[in-house]
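Quick notes on the structure that follows.
The values are calculated or read from the model by the stated rules, or taken from the named source; none is laboratory data. Owing to the predicted nature of the structure, the values given are computational and were not obtained by experimental measurement. For neighbour counting, all protein chains shown are included, and Cβ atoms are generated from backbone atoms with ideal geometry for every residue, glycine included. Ligands, DNA and RNA are stripped out before the accessible areas are found, and what is left, the full protein with its side chains, is counted by its heavy atoms. Shrake-Rupley method; radii C 1.70, N 1.55, O 1.52, S 1.80 Å.
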Amino acid sequence: MSKSTVLKFGGTSVQDAVAITNLVKIVQTRKGERVVVVSALSKVTDALVKIGDLVAKGDVEQALTTVDEINARHKQVASNLELSAAQVAPINTIFAELKTKIQTSAKSLLSTLQFRDQVLAI
């Protein structure tokens, strides 16, 4: 039975392109099957919580602006990593889904905690 190596990296390990490049180098030094688990980019989880709070307060526009800021950061990191358009496409899809969820949830009766959980899951 072959063993897998599990490598878990927190937010500062994926805070920018330089950190991600270093992470990849670490993963490449491990032989055999690897499972890599990464957190959101540094400070993104806090921003997602902020989005949930903004929507709960009815400030949908600021929530959407915050999504755009997070999206721009991801696109910058992707650009710095020289990812292809095909590799970046899922990022755009995820943020479009998040914006739709915010707009839909702002009109529904979802509780603040339930909405926050859904945003963090994205």
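For segment 46-80, the set of residues classified as open to solvent by 70 Å² or more (accessible area, probe 1.4 Å) and in a helix (DSSP H, G or I) consists of D46, K50, E61, D68, E69, R73, K75, Q76, S79, N80, listed by residue number.
Each row is one residue, and each column tells you yes or no for (1) open to solvent by 60 Å² or more (accessible area, probe 1.4 Å); (2) in contact (Cβ under 8 Å) with a residue 24 or more places away in the chain; (3) touching a strand residue (DSSP E or B) at 6+ places or on another chain (Cβ under 8 Å); (4) not hydrophobic (A, V, I, L, M, F, W, C).
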{"position": "T12", "(1), (2), (3), (4)": "yes, yes, no, yes"}
{"position": "R30", "(1), (2), (3), (4)": "yes, yes, yes, yes"}
{"position": "A40", "(1), (2), (3), (4)": "no, yes, no, no"}
{"position": "T104", "(1), (2), (3), (4)": "yes, no, no, yes"}
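The requirement of being of a type in the set (S, T, Y) and in contact with a Ser or Thr (Cβ under 7 Å, 6 or more places away or on another chain) is fulfilled nowhere in segment 56-72; no residue meets it.
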